Amino acid sequence: MSVLKKKLYEKIVIERPRTEKLLKEFGNVKVDEVTISQIIGGMRDIKSLVTDISYLDPLDGIRFRGLTIPQVLENLPKVSGGEMPSVEGFFYFLLTGEMPTDEDVDSVQKEFNSRKKVPDYVIDIIHAFPKDSHPMTMFASAIMSMQRESVFAKEYKKNLKKNDYWDAYYEDAMNLLAKLPEIAAHIYRLKYRDGDIISADDKLDFGANFAHMMGIEKPYDEVARLYFILHSDHESGNVSAHTGHLVASSLSDMYYAISAMLNGLAGPLHGLANEEVLRWLQGVKTAMCDKIPTEEEMKKFVRDTLKEGQVIPGFGHAVLRRTDPRYTAQREFCMKHLPDEPLFQYTSLLLKVVPPILLEQGKAKNPWPNVDAQSGVIQWHYGVKEYEFYTVLFGIGRALGVCSNIIWARALNYPLERPKSLTTKMLEDVAFGTNQ
Ligand code: AMX
(Lines give C-alpha, C1' and ligand atoms only; values in the text may rest on other atoms or scores of the structure.)
Protein backbone atom coordinates (compact mmCIF):
# COMPACT_ATOMS: atom_id res chain seq x y z
CA MET A 1 0.00 0.00 0.00
CA SER A 2 1.39 3.45 -0.89
CA VAL A 3 2.34 5.93 1.85
CA LEU A 4 -0.59 8.19 0.99
CA LYS A 5 -3.14 5.39 0.81
CA LYS A 6 -1.95 3.95 4.14
CA LYS A 7 -2.23 7.33 5.85
CA LEU A 8 -5.66 7.85 4.29
CA TYR A 9 -6.82 4.47 5.57
CA GLU A 10 -5.66 5.33 9.12
CA LYS A 11 -7.74 8.52 8.92
CA ILE A 12 -10.79 6.73 7.52
CA VAL A 13 -10.81 4.31 10.45
CA ILE A 14 -10.88 7.27 12.85
CA GLU A 15 -13.45 9.32 10.92
CA ARG A 16 -16.06 6.66 10.10
CA PRO A 17 -17.40 6.25 13.65
CA ARG A 18 -17.95 10.04 13.91
CA THR A 19 -20.30 10.05 10.92
CA GLU A 20 -22.00 6.82 12.03
CA LYS A 21 -22.63 8.23 15.53
CA LEU A 22 -24.11 11.45 14.13
CA LEU A 23 -26.43 9.50 11.86
CA LYS A 24 -27.47 6.88 14.40
CA GLU A 25 -27.88 9.00 17.51
CA PHE A 26 -28.54 12.52 16.22
CA GLY A 27 -30.11 11.94 12.81
CA ASN A 28 -33.27 13.91 13.68
CA VAL A 29 -31.55 17.01 15.07
CA LYS A 30 -32.49 20.11 13.00
CA VAL A 31 -29.61 22.14 11.55
CA ASP A 32 -31.41 24.72 9.42
CA GLU A 33 -34.69 26.01 8.05
CA VAL A 34 -35.39 26.53 4.37
CA THR A 35 -37.18 29.51 2.83
CA ILE A 36 -39.05 29.81 -0.46
CA SER A 37 -36.38 32.15 -1.85
CA GLN A 38 -33.74 29.50 -1.13
CA ILE A 39 -35.80 26.83 -2.85
CA ILE A 40 -36.39 28.95 -5.96
CA GLY A 41 -32.98 30.61 -5.74
CA GLY A 42 -30.66 27.70 -6.45
CA MET A 43 -30.68 26.17 -2.93
CA ARG A 44 -28.57 29.16 -1.89
CA ASP A 45 -26.95 28.75 1.55
CA ILE A 46 -29.03 25.70 2.52
CA LYS A 47 -26.75 23.73 4.81
CA SER A 48 -27.06 20.31 3.25
CA LEU A 49 -23.60 19.03 2.37
CA VAL A 50 -20.70 17.79 4.50
CA THR A 51 -16.99 18.09 3.77
CA ASP A 52 -13.90 18.35 5.92
CA ILE A 53 -11.62 19.19 3.01
CA SER A 54 -12.36 22.92 2.86
CA TYR A 55 -14.66 25.50 4.39
CA LEU A 56 -15.57 28.84 2.80
CA ASP A 57 -15.88 31.65 5.29
CA PRO A 58 -17.66 34.70 3.79
CA LEU A 59 -15.03 37.01 5.27
CA ASP A 60 -11.81 34.96 5.63
CA GLY A 61 -12.26 33.12 2.35
CA ILE A 62 -11.42 29.50 1.79
CA ARG A 63 -9.69 27.38 4.43
CA PHE A 64 -8.18 24.14 3.26
CA ARG A 65 -8.24 21.64 6.14
CA GLY A 66 -8.48 24.62 8.51
CA LEU A 67 -5.63 26.65 7.00
CA THR A 68 -6.13 29.95 5.19
CA ILE A 69 -4.46 30.45 1.82
CA PRO A 70 -1.50 32.43 3.23
CA GLN A 71 -1.00 29.67 5.84
CA VAL A 72 -1.12 26.94 3.18
CA LEU A 73 1.40 28.78 1.01
CA GLU A 74 3.67 29.36 3.98
CA ASN A 75 3.48 26.04 5.83
CA LEU A 76 3.42 23.32 3.19
CA PRO A 77 6.78 21.89 2.05
CA LYS A 78 8.19 23.85 -0.88
CA VAL A 79 9.62 22.45 -4.06
CA SER A 80 13.40 22.64 -3.76
CA GLY A 81 14.62 26.07 -4.86
CA GLY A 82 11.07 27.40 -5.22
CA GLU A 83 8.63 29.58 -3.29
CA MET A 84 5.50 27.51 -3.82
CA PRO A 85 4.41 24.26 -2.19
CA SER A 86 4.33 21.24 -4.44
CA VAL A 87 0.99 20.05 -5.78
CA GLU A 88 1.89 16.57 -4.52
CA GLY A 89 2.32 17.77 -0.92
CA PHE A 90 -0.83 19.85 -1.14
CA PHE A 91 -2.86 16.85 -2.36
CA TYR A 92 -1.50 14.75 0.53
CA PHE A 93 -2.63 17.53 2.89
CA LEU A 94 -6.09 17.86 1.28
CA LEU A 95 -6.72 14.14 1.39
CA THR A 96 -5.38 13.35 4.87
CA GLY A 97 -5.54 16.69 6.72
CA GLU A 98 -1.92 16.15 7.81
CA MET A 99 1.14 18.16 6.90
CA PRO A 100 3.33 15.95 4.70
CA THR A 101 7.03 15.38 5.31
CA ASP A 102 9.47 15.70 2.41
CA GLU A 103 9.44 11.88 2.17
CA ASP A 104 5.63 11.88 1.92
CA VAL A 105 5.81 14.42 -0.90
CA ASP A 106 8.43 12.32 -2.68
CA SER A 107 6.30 9.26 -2.39
CA VAL A 108 3.22 11.00 -3.89
CA GLN A 109 5.41 12.29 -6.72
CA LYS A 110 6.59 8.73 -7.40
CA GLU A 111 3.01 7.48 -7.26
CA PHE A 112 1.85 10.07 -9.81
CA ASN A 113 4.88 9.36 -12.00
CA SER A 114 4.16 5.64 -12.13
CA ARG A 115 0.57 6.33 -13.24
CA LYS A 116 0.96 9.22 -15.63
CA LYS A 117 1.25 7.55 -19.07
CA VAL A 118 -1.73 8.70 -21.13
CA PRO A 119 -3.12 5.85 -23.27
CA ASP A 120 -2.65 6.26 -27.03
CA TYR A 121 -6.40 6.10 -27.72
CA VAL A 122 -6.91 9.23 -25.56
CA ILE A 123 -4.40 11.10 -27.69
CA ASP A 124 -6.22 9.84 -30.83
CA ILE A 125 -9.52 11.09 -29.44
CA ILE A 126 -8.04 14.53 -28.71
CA HIS A 127 -6.73 14.67 -32.29
CA ALA A 128 -10.10 13.63 -33.74
CA PHE A 129 -11.83 16.81 -32.47
CA PRO A 130 -12.56 19.60 -34.95
CA LYS A 131 -9.88 22.29 -34.60
CA ASP A 132 -12.37 24.88 -33.34
CA SER A 133 -13.66 22.71 -30.44
CA HIS A 134 -13.48 24.39 -27.06
CA PRO A 135 -10.52 23.02 -25.04
CA MET A 136 -12.88 22.27 -22.14
CA THR A 137 -14.91 20.00 -24.43
CA MET A 138 -11.71 18.22 -25.48
CA PHE A 139 -10.49 17.96 -21.88
CA ALA A 140 -13.75 16.58 -20.45
CA SER A 141 -14.11 14.16 -23.38
CA ALA A 142 -10.54 12.87 -23.05
CA ILE A 143 -11.25 12.09 -19.40
CA MET A 144 -14.58 10.52 -20.23
CA SER A 145 -12.93 8.29 -22.82
CA MET A 146 -10.76 6.74 -20.08
CA GLN A 147 -13.77 5.47 -18.14
CA ARG A 148 -13.00 2.01 -19.50
CA GLU A 149 -9.91 2.07 -17.22
CA SER A 150 -11.97 2.49 -14.05
CA VAL A 151 -10.82 0.20 -11.24
CA PHE A 152 -14.04 0.87 -9.33
CA ALA A 153 -16.29 -0.03 -12.28
CA LYS A 154 -14.45 -3.35 -12.67
CA GLU A 155 -14.28 -4.17 -8.95
CA TYR A 156 -17.93 -3.26 -8.40
CA LYS A 157 -18.97 -5.98 -10.82
CA LYS A 158 -16.98 -8.42 -8.69
CA ASN A 159 -19.08 -7.55 -5.60
CA LEU A 160 -16.65 -5.10 -4.01
CA LYS A 161 -17.60 -4.55 -0.33
CA LYS A 162 -19.14 -1.17 0.46
CA ASN A 163 -16.45 -0.36 3.04
CA ASP A 164 -13.80 -0.84 0.35
CA TYR A 165 -15.33 1.45 -2.30
CA TRP A 166 -13.00 4.26 -1.25
CA ASP A 167 -9.99 2.12 -2.13
CA ALA A 168 -11.07 1.67 -5.76
CA TYR A 169 -12.03 5.37 -6.00
CA TYR A 170 -8.57 6.23 -4.67
CA GLU A 171 -6.97 4.13 -7.40
CA ASP A 172 -9.09 5.84 -10.05
CA ALA A 173 -8.34 9.30 -8.63
CA MET A 174 -4.57 8.75 -8.61
CA ASN A 175 -4.60 7.25 -12.10
CA LEU A 176 -6.66 10.15 -13.40
CA LEU A 177 -4.95 13.06 -11.61
CA ALA A 178 -1.52 11.85 -12.72
CA LYS A 179 -2.58 12.14 -16.37
CA LEU A 180 -4.29 15.55 -16.29
CA PRO A 181 -1.17 17.72 -16.85
CA GLU A 182 -0.20 15.78 -19.96
CA ILE A 183 -3.74 15.67 -21.39
CA ALA A 184 -4.14 19.43 -20.85
CA ALA A 185 -0.70 20.34 -22.22
CA HIS A 186 -1.31 18.09 -25.23
CA ILE A 187 -4.59 19.85 -25.99
CA TYR A 188 -2.84 23.22 -25.65
CA ARG A 189 0.09 22.40 -27.92
CA LEU A 190 -2.15 20.70 -30.47
CA LYS A 191 -4.57 23.61 -30.69
CA TYR A 192 -2.26 26.58 -30.28
CA ARG A 193 1.30 25.42 -31.07
CA ASP A 194 0.74 23.52 -34.33
CA GLY A 195 0.81 20.15 -32.57
CA ASP A 196 4.44 20.54 -31.51
CA ILE A 197 4.10 18.19 -28.51
CA ILE A 198 6.65 18.08 -25.66
CA SER A 199 6.99 14.77 -23.80
CA ALA A 200 6.74 14.54 -20.02
CA ASP A 201 9.88 14.65 -17.87
CA ASP A 202 9.90 12.02 -15.09
CA LYS A 203 12.26 14.00 -12.89
CA LEU A 204 9.87 16.92 -12.46
CA ASP A 205 7.07 17.50 -9.98
CA PHE A 206 3.42 17.93 -11.08
CA GLY A 207 3.65 21.72 -11.56
CA ALA A 208 7.10 21.80 -13.17
CA ASN A 209 6.25 18.93 -15.51
CA PHE A 210 3.13 20.78 -16.64
CA ALA A 211 5.17 23.96 -17.30
CA HIS A 212 7.72 21.85 -19.20
CA MET A 213 5.04 20.20 -21.40
CA MET A 214 3.46 23.61 -22.05
CA GLY A 215 6.90 24.73 -23.26
CA ILE A 216 7.09 27.68 -20.86
CA GLU A 217 10.18 28.69 -18.89
CA LYS A 218 10.46 29.37 -15.15
CA PRO A 219 8.79 30.80 -13.13
CA TYR A 220 5.77 29.28 -14.94
CA ASP A 221 6.34 26.12 -12.85
CA GLU A 222 5.59 28.28 -9.79
CA VAL A 223 2.55 29.77 -11.55
CA ALA A 224 1.26 26.26 -12.26
CA ARG A 225 1.69 25.13 -8.63
CA LEU A 226 0.05 28.29 -7.28
CA TYR A 227 -2.79 28.09 -9.79
CA PHE A 228 -3.60 24.42 -9.15
CA ILE A 229 -3.52 24.87 -5.37
CA LEU A 230 -5.66 28.02 -5.35
CA HIS A 231 -8.32 26.50 -7.60
CA SER A 232 -8.47 23.09 -5.94
CA ASP A 233 -11.49 23.37 -3.68
CA HIS A 234 -14.10 25.86 -2.55
CA GLU A 235 -16.41 23.83 -0.29
CA SER A 236 -18.90 21.40 -1.77
CA GLY A 237 -21.73 23.64 -2.93
CA ASN A 238 -20.15 25.33 -5.96
CA VAL A 239 -21.26 23.95 -9.31
CA SER A 240 -18.15 21.90 -10.16
CA ALA A 241 -17.64 20.36 -6.72
CA HIS A 242 -21.32 19.70 -6.26
CA THR A 243 -21.67 18.14 -9.70
CA GLY A 244 -18.76 15.79 -9.01
CA HIS A 245 -20.25 14.84 -5.66
CA LEU A 246 -23.75 14.31 -7.07
CA VAL A 247 -22.63 12.18 -10.01
CA ALA A 248 -20.37 10.01 -7.85
CA SER A 249 -23.18 9.56 -5.31
CA SER A 250 -24.85 7.23 -7.81
CA LEU A 251 -21.58 5.23 -7.74
CA SER A 252 -20.65 6.50 -11.16
CA ASP A 253 -16.88 6.17 -11.14
CA MET A 254 -14.27 8.93 -10.92
CA TYR A 255 -13.99 9.32 -14.71
CA TYR A 256 -17.73 9.99 -15.07
CA ALA A 257 -17.71 12.30 -12.04
CA ILE A 258 -14.66 14.38 -13.00
CA SER A 259 -15.73 14.80 -16.58
CA ALA A 260 -19.19 15.91 -15.34
CA MET A 261 -17.72 18.40 -12.87
CA LEU A 262 -15.67 19.89 -15.72
CA ASN A 263 -18.83 20.41 -17.74
CA GLY A 264 -20.23 22.41 -14.82
CA LEU A 265 -17.00 24.36 -14.49
CA ALA A 266 -17.24 25.37 -18.15
CA GLY A 267 -20.12 27.82 -17.53
CA PRO A 268 -19.54 31.61 -17.68
CA LEU A 269 -20.84 32.14 -14.13
CA HIS A 270 -18.27 29.67 -12.83
CA GLY A 271 -14.92 28.61 -14.31
CA LEU A 272 -15.33 30.37 -17.63
CA ALA A 273 -15.28 33.75 -15.87
CA ASN A 274 -11.46 33.87 -16.07
CA GLU A 275 -11.79 33.73 -19.87
CA GLU A 276 -14.46 36.44 -19.74
CA VAL A 277 -12.17 38.72 -17.70
CA LEU A 278 -9.47 38.56 -20.37
CA ARG A 279 -11.97 38.98 -23.21
CA TRP A 280 -13.40 42.03 -21.49
CA LEU A 281 -9.93 43.48 -20.73
CA GLN A 282 -8.89 42.97 -24.35
CA GLY A 283 -11.97 44.94 -25.40
CA VAL A 284 -10.90 47.80 -23.15
CA LYS A 285 -7.30 47.54 -24.39
CA THR A 286 -8.36 47.67 -28.04
CA ALA A 287 -10.69 50.60 -27.43
CA MET A 288 -7.80 52.43 -25.70
CA CYS A 289 -5.34 51.59 -28.53
CA ASP A 290 -3.19 49.77 -25.93
CA LYS A 291 -2.80 52.85 -23.72
CA ILE A 292 -3.43 52.38 -19.97
CA PRO A 293 -6.78 54.12 -19.35
CA THR A 294 -7.13 56.88 -16.82
CA GLU A 295 -9.33 56.23 -13.80
CA GLU A 296 -12.16 58.20 -15.43
CA GLU A 297 -11.85 56.29 -18.72
CA MET A 298 -11.90 52.95 -16.85
CA LYS A 299 -14.97 54.02 -14.89
CA LYS A 300 -16.72 54.75 -18.17
CA PHE A 301 -15.93 51.24 -19.52
CA VAL A 302 -17.28 49.69 -16.34
CA ARG A 303 -20.46 51.78 -16.41
CA ASP A 304 -21.01 51.08 -20.14
CA THR A 305 -20.70 47.33 -19.49
CA LEU A 306 -23.29 47.53 -16.73
CA LYS A 307 -25.59 49.68 -18.92
CA GLU A 308 -25.49 46.92 -21.54
CA GLY A 309 -26.88 44.59 -18.86
CA GLN A 310 -23.64 42.63 -18.49
CA VAL A 311 -21.83 41.71 -15.30
CA ILE A 312 -18.27 42.86 -14.61
CA PRO A 313 -16.37 39.60 -14.87
CA GLY A 314 -14.05 38.77 -11.98
CA PHE A 315 -16.08 40.67 -9.41
CA GLY A 316 -18.70 39.39 -6.98
CA HIS A 317 -19.18 36.01 -5.37
CA ALA A 318 -22.04 33.81 -4.25
CA VAL A 319 -20.59 33.33 -0.74
CA LEU A 320 -17.57 35.60 -0.21
CA ARG A 321 -18.21 39.08 1.12
CA ARG A 322 -14.63 40.42 0.93
CA THR A 323 -11.80 40.35 -1.56
CA ASP A 324 -11.10 36.73 -2.44
CA PRO A 325 -7.80 35.66 -0.81
CA ARG A 326 -7.12 33.66 -3.98
CA TYR A 327 -7.14 37.02 -5.80
CA THR A 328 -4.79 38.50 -3.19
CA ALA A 329 -2.31 35.59 -3.45
CA GLN A 330 -2.14 36.06 -7.23
CA ARG A 331 -1.91 39.82 -6.94
CA GLU A 332 1.09 39.42 -4.63
CA PHE A 333 2.68 37.12 -7.21
CA CYS A 334 2.08 39.79 -9.89
CA MET A 335 3.54 42.55 -7.76
CA LYS A 336 6.69 40.48 -7.30
CA HIS A 337 7.12 38.99 -10.77
CA LEU A 338 5.27 41.14 -13.28
CA PRO A 339 4.64 44.63 -11.87
CA ASP A 340 5.15 46.24 -15.29
CA GLU A 341 2.78 43.97 -17.22
CA PRO A 342 0.25 46.39 -18.78
CA LEU A 343 -2.67 44.03 -18.13
CA PHE A 344 -1.70 43.89 -14.46
CA GLN A 345 -1.93 47.67 -14.44
CA TYR A 346 -5.42 47.36 -15.94
CA THR A 347 -6.49 45.00 -13.17
CA SER A 348 -4.98 47.28 -10.52
CA LEU A 349 -7.09 50.07 -11.93
CA LEU A 350 -10.16 47.84 -11.90
CA LEU A 351 -9.55 47.01 -8.24
CA LYS A 352 -9.81 50.76 -7.59
CA VAL A 353 -12.82 51.62 -9.74
CA VAL A 354 -15.15 48.58 -9.86
CA PRO A 355 -16.11 48.07 -6.18
CA PRO A 356 -17.39 51.65 -5.67
CA ILE A 357 -19.42 51.45 -8.90
CA LEU A 358 -20.97 48.09 -7.95
CA LEU A 359 -21.74 49.48 -4.49
CA GLU A 360 -23.34 52.55 -6.07
CA GLN A 361 -25.39 50.28 -8.38
CA GLY A 362 -26.51 48.44 -5.25
CA LYS A 363 -27.21 45.01 -6.72
CA ALA A 364 -24.14 42.84 -6.17
CA LYS A 365 -23.92 41.52 -2.61
CA ASN A 366 -20.14 41.42 -2.93
CA PRO A 367 -18.47 44.18 -5.00
CA TRP A 368 -14.93 42.81 -4.45
CA PRO A 369 -12.72 40.90 -6.89
CA ASN A 370 -12.78 37.11 -7.02
CA VAL A 371 -10.10 34.61 -8.08
CA ASP A 372 -10.77 35.14 -11.79
CA ALA A 373 -10.04 38.86 -11.83
CA GLN A 374 -6.32 38.16 -11.69
CA SER A 375 -5.55 34.66 -12.85
CA GLY A 376 -5.78 35.24 -16.61
CA VAL A 377 -3.41 38.19 -16.42
CA ILE A 378 -0.62 35.94 -15.09
CA GLN A 379 -1.25 33.35 -17.80
CA TRP A 380 -1.23 36.08 -20.45
CA HIS A 381 2.07 37.43 -19.18
CA TYR A 382 3.77 34.03 -19.53
CA GLY A 383 2.52 33.59 -23.07
CA VAL A 384 -0.70 31.62 -22.56
CA LYS A 385 -2.75 34.17 -24.46
CA GLU A 386 -5.42 31.77 -25.68
CA TYR A 387 -7.85 32.59 -22.92
CA GLU A 388 -10.35 29.90 -23.75
CA PHE A 389 -7.71 27.54 -22.30
CA TYR A 390 -7.82 29.11 -18.83
CA THR A 391 -10.76 27.04 -17.61
CA VAL A 392 -8.79 23.87 -18.40
CA LEU A 393 -6.13 25.07 -15.96
CA PHE A 394 -8.87 25.72 -13.39
CA GLY A 395 -10.15 22.19 -14.10
CA ILE A 396 -6.80 20.53 -13.29
CA GLY A 397 -6.74 22.33 -9.95
CA ARG A 398 -10.39 21.64 -9.17
CA ALA A 399 -9.91 17.93 -9.89
CA LEU A 400 -7.56 17.73 -6.85
CA GLY A 401 -10.32 18.92 -4.54
CA VAL A 402 -13.20 17.06 -6.16
CA CYS A 403 -11.26 13.76 -6.18
CA SER A 404 -10.42 14.23 -2.48
CA ASN A 405 -14.06 14.89 -1.66
CA ILE A 406 -15.34 11.93 -3.65
CA ILE A 407 -12.85 9.51 -2.07
CA TRP A 408 -14.01 10.70 1.36
CA ALA A 409 -17.68 10.51 0.38
CA ARG A 410 -17.17 6.82 -0.41
CA ALA A 411 -15.02 6.29 2.70
CA LEU A 412 -17.79 7.67 4.92
CA ASN A 413 -20.46 5.82 2.95
CA TYR A 414 -22.42 8.93 2.00
CA PRO A 415 -25.56 7.78 0.18
CA LEU A 416 -27.14 8.62 -3.15
CA GLU A 417 -28.03 12.34 -3.26
CA ARG A 418 -31.75 12.85 -3.71
CA PRO A 419 -33.30 16.19 -2.64
CA LYS A 420 -37.09 16.54 -2.82
CA SER A 421 -38.82 18.91 -5.26
CA LEU A 422 -42.18 20.65 -4.90
CA THR A 423 -44.54 22.14 -7.46
CA THR A 424 -45.15 25.92 -7.70
CA LYS A 425 -48.70 25.27 -6.47
CA MET A 426 -47.35 23.53 -3.38
CA LEU A 427 -45.10 26.53 -2.66
CA GLU A 428 -48.09 28.89 -3.14
CA ASP A 429 -50.10 26.79 -0.73
CA VAL A 430 -47.35 27.07 1.88
CA ALA A 431 -46.96 30.83 1.19
CA PHE A 432 -50.70 31.66 1.26
CA GLY A 433 -51.55 29.23 4.05
CA THR A 434 -53.88 27.27 1.77
CA ASN A 435 -52.18 23.90 2.14
CA GLN A 436 -55.16 21.89 3.34
N1 AMX B 1 -21.24 42.83 -12.08
C2 AMX B 1 -22.51 43.28 -12.22
N3 AMX B 1 -23.55 42.81 -11.53
C4 AMX B 1 -23.28 41.87 -10.62
C5 AMX B 1 -21.99 41.37 -10.40
C6 AMX B 1 -20.95 41.88 -11.18
N7 AMX B 1 -19.68 41.42 -11.08
N8 AMX B 1 -22.05 40.43 -9.43
C9 AMX B 1 -23.33 40.34 -9.07
N10 AMX B 1 -24.09 41.20 -9.79
C11 AMX B 1 -25.54 41.33 -9.80
C12 AMX B 1 -26.13 39.98 -10.18
O13 AMX B 1 -26.12 39.81 -11.59
C14 AMX B 1 -27.50 40.06 -9.60
O15 AMX B 1 -28.30 40.86 -10.46
P16 AMX B 1 -29.83 40.45 -10.76
O17 AMX B 1 -30.50 40.56 -9.43
O18 AMX B 1 -30.25 41.49 -11.75
O19 AMX B 1 -29.80 39.06 -11.30
C20 AMX B 1 -27.27 40.86 -8.32
O21 AMX B 1 -26.01 41.55 -8.50
C22 AMX B 1 -27.15 39.98 -7.09
O23 AMX B 1 -26.19 38.99 -7.32
P24 AMX B 1 -25.38 38.35 -6.10
O25 AMX B 1 -26.32 37.66 -5.20
O26 AMX B 1 -24.44 39.35 -5.52
O27 AMX B 1 -24.45 37.31 -6.87
P28 AMX B 1 -24.80 35.81 -7.23
O29 AMX B 1 -24.50 34.98 -6.04
O30 AMX B 1 -26.13 35.69 -7.86
O31 AMX B 1 -23.74 35.51 -8.37
C32 AMX B 1 -21.63 35.61 -9.36
C33 AMX B 1 -22.39 35.39 -8.07
C34 AMX B 1 -20.15 35.28 -9.11
C35 AMX B 1 -22.15 34.66 -10.44
C36 AMX B 1 -21.80 37.10 -9.79
O37 AMX B 1 -21.20 37.93 -8.81
C38 AMX B 1 -21.23 37.37 -11.15
O39 AMX B 1 -21.92 37.18 -12.16
N40 AMX B 1 -19.94 37.85 -11.23
C41 AMX B 1 -19.29 38.04 -12.48
C42 AMX B 1 -18.88 36.70 -13.07
C43 AMX B 1 -17.75 36.10 -12.25
O44 AMX B 1 -16.78 36.75 -11.90
N45 AMX B 1 -17.85 34.78 -11.96
C46 AMX B 1 -16.77 34.04 -11.27
C47 AMX B 1 -17.17 33.53 -9.92
C48 AMX B 1 -16.05 32.75 -9.27
C49 AMX B 1 -15.95 31.38 -9.89
O50 AMX B 1 -16.79 30.53 -9.69
N51 AMX B 1 -14.93 31.14 -10.66
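The values are calculated or read from the model by the stated rules, or taken from the named source; none is laboratory data. Since this is a predicted model, take the numbers as computed values, not measurements. Heads up, the Cβs are rebuilt from the backbone with ideal geometry, glycines too, and the neighbour counts pull from every protein chain shown. Note: accessible area is taken over every heavy atom of the protein model, side chains too, but ligands, DNA and RNA are not part of it. Shrake-Rupley method; radii C 1.70, N 1.55, O 1.52, S 1.80 Å.
For residue 305, only one of the following conditions fails: (1) within 12 Å of the ligand (Cβ to nearest atom); (2) over 19 Å from residue 234 (Cα atoms); (3) not in a helix (DSSP H, G or I). What is its number?
(3)
Output yes when any residue across the stretch 318-329 is away from the ligand (no atom under 11 Å from the Cβ), in contact with a helix residue (DSSP H, G or I) (Cβ under 7 Å, 6 or more places away or on another chain), part of a helix (DSSP H, G or I) and not β-branched (Val, Ile, Thr), and no when none is. Break it down stepwise before answering.
So the first thing to find is which residues in the stretch 318-329 are away from the ligand (no atom under 11 Å from the Cβ), and the list is 322-323, 325, 328-329.
Filter once more, keeping what is in contact with a helix residue (DSSP H, G or I) (Cβ under 7 Å, 6 or more places away or on another chain): 325, 329.
Imposing the further condition that a residue be part of a helix (DSSP H, G or I) reduces the set to 325, 329.
If we keep only those that are not β-branched (Val, Ile, Thr) too, we end up with 325, 329.
So far as the stretch 318-329 goes, yes, one or more of its residues are away from the ligand (no atom under 11 Å from the Cβ), in contact with a helix residue (DSSP H, G or I) (Cβ under 7 Å, 6 or more places away or on another chain), part of a helix (DSSP H, G or I) and not β-branched (Val, Ile, Thr).
Looking only at the stretch 374-396, which residues are surrounded by 24 or more Cβ atoms within 10 Å (Cβ to Cβ) and farther than 22 Å from residue 134 by Cβ?
374
For residue 133, indicate whether it is open to solvent by less than 80 Å² (accessible area, probe 1.4 Å) and without any contact (Cβ under 8 Å) to a residue 12 or more places away in the chain. Spell out how you get there, then give the answer.
Numbers: open to solvent by less than 80 Å² (accessible area, probe 1.4 Å): yes; without any contact (Cβ under 8 Å) to a residue 12 or more places away in the chain: yes.
Considered against the rule, which asks whether it is open to solvent by less than 80 Å² (accessible area, probe 1.4 Å) and without any contact (Cβ under 8 Å) to a residue 12 or more places away in the chain, residue 133 comes out as yes.
Here are 188, 156: which of them is open to solvent by less than 30 Å² (accessible area, probe 1.4 Å), among the aromatic types (Phe, Trp, Tyr) and at pLDDT 95 or above? Please lay out each step first, then the result.
Details: 156 fails: open to solvent by less than 30 Å² (accessible area, probe 1.4 Å).
Testing whether each residue is open to solvent by less than 30 Å² (accessible area, probe 1.4 Å), among the aromatic types (Phe, Trp, Tyr) and at pLDDT 95 or above leaves just 188.
Could you count how many residues in the stretch 275-298 are within 14 Å of the ligand (Cβ to nearest atom) and either open to solvent by 70 Å² or more (accessible area, probe 1.4 Å) or among the charged types (D, E, K, R) (or both)?
Of the residues in the stretch 275-298, the ones within 14 Å of the ligand (Cβ to nearest atom) are 275-281.
Checking which are either open to solvent by 70 Å² or more (accessible area, probe 1.4 Å) or among the charged types (D, E, K, R) (or both) leaves us with 275-276, 279.
Number of matching residues: 3.
Kindly state which helices (runs of 4 or more DSSP H) lie completely within the stretch 1-104 and contain at least 2 residues that are acidic (Asp, Glu) and open to solvent by 30 Å² or more (accessible area, probe 1.4 Å).
On the way: elements: 3-26, 36-40, 69-75, 87-96.
By residue number, 3-26.
So, in the stretch 205-226, how many residues would count as being within 25 Å of residue 270 (Cβ to Cβ) and open to solvent by 10 Å² or more (accessible area, probe 1.4 Å)?
The qualifying residues number 1.
Check the stretch 20-29 and report whether any residue there is of a type in the set (A, V, I, L, M, F, W, C) and in contact (Cβ under 8 Å) with a residue 60 or more places away in the chain.
Filtering the stretch 20-29 down to residues of a type in the set (A, V, I, L, M, F, W, C) leaves 22-23, 26, 29.
Pick out the ones that are also in contact (Cβ under 8 Å) with a residue 60 or more places away in the chain and you get none.
Scanning the stretch 20-29, I find no residue that is of a type in the set (A, V, I, L, M, F, W, C) and in contact (Cβ under 8 Å) with a residue 60 or more places away in the chain, so the answer is no.
Would it be correct to say that residue 329 is in contact (Cβ under 8 Å) with a residue 40 or more places away in the chain and closer than 23 Å to residue 232 by Cα? Even if it seems obvious, please write down each step before you answer.
Details: in contact (Cβ under 8 Å) with a residue 40 or more places away in the chain: yes; closer than 23 Å to residue 232 by Cα: yes.
Taking the combined requirement at face value, the residue satisfies it.
Can you give me the ranges of the helices (runs of 4 or more DSSP H) entirely in the stretch 192-251 with at least 2 residues that are in contact with a Pro (Cβ under 8 Å, 6 or more places away or on another chain)? Don't jump to the end; show me each part of the working.
Numbers: elements: 206-214, 220-230, 239-249.
Answer list for the stretch 192-251: 206-214, 220-230.
With the requirement that a residue be at positive phi and touching a strand residue (DSSP E or B) at 6+ places or on another chain (Cβ under 9 Å), what does the stretch 61-120 give you?
If the condition is that a residue be at positive phi and touching a strand residue (DSSP E or B) at 6+ places or on another chain (Cβ under 9 Å), then 61, 65, 66 are the ones that fit.
Is the stretch 265-283 home to any residue that is within 30 Å of residue 148 (Cα to Cα), part of a helix (DSSP H, G or I) and at pLDDT 95 or above?
Taking the stretch 265-283 and keeping what is within 30 Å of residue 148 (Cα to Cα), we get 265-267, 270-272.
Then drop every residue that is not part of a helix (DSSP H, G or I), which leaves 265.
Okay, now just the ones that are also at pLDDT 95 or above, so 265.
Yes.
Residue under question is residue 333, and the condition is that it be outside any loop (DSSP other than H, G, I, E, B), more than 16 Å from the ligand (Cβ to nearest atom) and not charged (D, E, K, R); does it hold?
Answer is yes for this residue.
Check the stretch 346-360 and report whether any residue there is in contact (Cβ under 8 Å) with a residue 12 or more places away in the chain, open to solvent by 70 Å² or more (accessible area, probe 1.4 Å) and within 13 Å of the ligand (Cβ to nearest atom).
Checked against the condition, which is being in contact (Cβ under 8 Å) with a residue 12 or more places away in the chain, open to solvent by 70 Å² or more (accessible area, probe 1.4 Å) and within 13 Å of the ligand (Cβ to nearest atom), the stretch 346-360 yields no hits at all.
Please enumerate the residues belonging to the stretch 250-274 that are more than 10 Å from the ligand (Cβ to nearest atom) and either open to solvent by less than 10 Å² (accessible area, probe 1.4 Å) or at positive phi (or both).
Listed by number, the residues that qualify are 251, 253, 254, 255, 257, 258, 259, 261, 262.
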